[in-house]
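Enquirer: Pasting a structure here, questions to come.
The values are calculated or read from the model by the stated rules, or taken from the named source; none is laboratory data. Predicted, not measured: the structure shown is a model, and the values here were computed from it. Here the Cβ positions follow ideal geometry from the backbone for every residue, glycine too, while neighbour counts run over all protein chains shown. Calculation scope for accessible area: heavy atoms of the full protein, side chains included, ligands and nucleic acids excluded. Shrake-Rupley method; radii C 1.70, N 1.55, O 1.52, S 1.80 Å.
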Amino acid sequence: RAGGDRGRAGQAAAEGLAEQGDDPKLRIAPTLYSAQALYGLGQYRKVIATLEREPSLHDTTLSGASLGLPLRPLLMRGYWQAISLAELGRFTEAEALADEMLALSDERQPFESLYALTAHGFVLMLRGEIKAALQSSSSAFTIAEQHDIAFIIPVLGSQVGYLLAAQGTAGEGLALAQRAVQTAEQIGINAGRSRWFARLAEVCLRAQELALAK
């Protein structure tokens, strides 16, 4: 908890410094990282409000490289906003935003396609559209593996594993769900682990691995 408090304090300080400057682009990275932190805390309405009050995040021409970001801010904004909308059950808005991300993403930029497909798969998964969700999530997982983007493996391994199990391929789903948790432990990712463990337990039940589900 103390670490989280320090992180939020640091983020607030970064936002304060950005507000004092003349360049609105200085607010972009702190705003995006604030949204990410708020999502991790389950404050989905605050994620949406935080992202909506920064107009620069809608600029299609603004590159991520100039701001030290892995992809265009537009698509990072879309990712956190779409999955937050889905968490709130606002599926029509969430899917429209995810579709927009797919249309805008540059296939030559792995991170752009990765974020767009991951968001699209997540929105459809929460909506209960398992087949379509699996298609998008599996495509994202392939990109992550091809380009060795390790930090997203827990997210997508859990997502694809759960979807495979829900579609009846529990054995394959269990292997991926287990890999998601193991990768998170190996690279020290804590945010999201409770969800990944919960999905792993459900996949274990579907695979009739009751001992593992405990």
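Enquirer: I'm trying to understand the selection: among the residues of region 26-76, which are at pLDDT 90 or above and charged (D, E, K, R)?
Expert: Across region 26-76, the qualifying residues are ARG45, LYS46, GLU52, ARG53, GLU54, ASP59, ARG72.
Enquirer: Which members of region 63-78 meet the condition of being touching an Asp or Glu at 6+ places or on another chain (Cβ under 9 Å) and part of a helix (DSSP H, G or I)?
Expert: Hits for region 63-78 are PRO73, LEU74, LEU75, ARG77, GLY78.
Enquirer: Given the structure, is LEU75 surrounded by 22 or more Cβ atoms within 10 Å (Cβ to Cβ) and touching a Phe, Trp or Tyr at 6+ places or on another chain (Cβ under 6 Å)? Give the derivation first.
Expert: Working: surrounded by 22 or more Cβ atoms within 10 Å (Cβ to Cβ): yes; touching a Phe, Trp or Tyr at 6+ places or on another chain (Cβ under 6 Å): yes.
It is true that LEU75 is surrounded by 22 or more Cβ atoms within 10 Å (Cβ to Cβ) and touching a Phe, Trp or Tyr at 6+ places or on another chain (Cβ under 6 Å).
Enquirer: Of everything in region 165-175, what is open to solvent by 20 Å² or more (accessible area, probe 1.4 Å), closer than 14 Å to MET125 by Cβ and assigned to a helix (DSSP H, G or I)? Give them in sequence order.
Expert: If the condition is that a residue be open to solvent by 20 Å² or more (accessible area, probe 1.4 Å), closer than 14 Å to MET125 by Cβ and assigned to a helix (DSSP H, G or I), then ALA166 is the only one that fits.
Enquirer: Test of understanding: among TYR115, TYR79, which residue is of a type in the set (Phe, Trp, Tyr) and either out of contact with any Leu (no Cβ under 6 Å at 6 or more places or on another chain) or free of Cβ contacts under 8 Å to residues at least 40 places away in the same chain (or both)?
Expert: One residue alone meets the criteria, TYR79.
Enquirer: Give me the residue from region 41-65 that is open to solvent by 60 Å² or more (accessible area, probe 1.4 Å) and in contact (Cβ under 8 Å) with a residue 40 or more places away in the chain and, out of that set, nearest to TYR115 (Cα to Cα).
Expert: Among those that are open to solvent by 60 Å² or more (accessible area, probe 1.4 Å) and in contact (Cβ under 8 Å) with a residue 40 or more places away in the chain, it is THR60.
Enquirer: Still on this structure, I have one more. So, VAL155, is that one among the aliphatic types (A, V, I, L, M) and closer than 19 Å to TYR115 by Cα or not?
Expert: Details: among the aliphatic types (A, V, I, L, M): yes; closer than 19 Å to TYR115 by Cα: yes.
Yes; evaluated as a whole, the condition is true for this residue.
Enquirer: Here's something else I'd like to know. Inspect all residues belonging to region 187-195 and state whether any of them is at pLDDT 90 or above and either open to solvent by less than 40 Å² (accessible area, probe 1.4 Å) or more than 23 Å from TYR39 (Cα to Cα) (or both).
Expert: No: zero hits.
Enquirer: Identify the single condition in (1) open to solvent by less than 80 Å² (accessible area, probe 1.4 Å); (2) farther than 30 Å from GLN43 by Cβ; (3) not in a helix (DSSP H, G or I) that GLN208 does not satisfy, given that it satisfies every other one.
Expert: (1) is the only condition that GLN208 fails.
Enquirer: Answer with yes or no whether GLN20 is open to solvent by 60 Å² or more (accessible area, probe 1.4 Å) and modelled with pLDDT of 90 or more.
Expert: On the way: open to solvent by 60 Å² or more (accessible area, probe 1.4 Å): yes; modelled with pLDDT of 90 or more: no.
In short, no.
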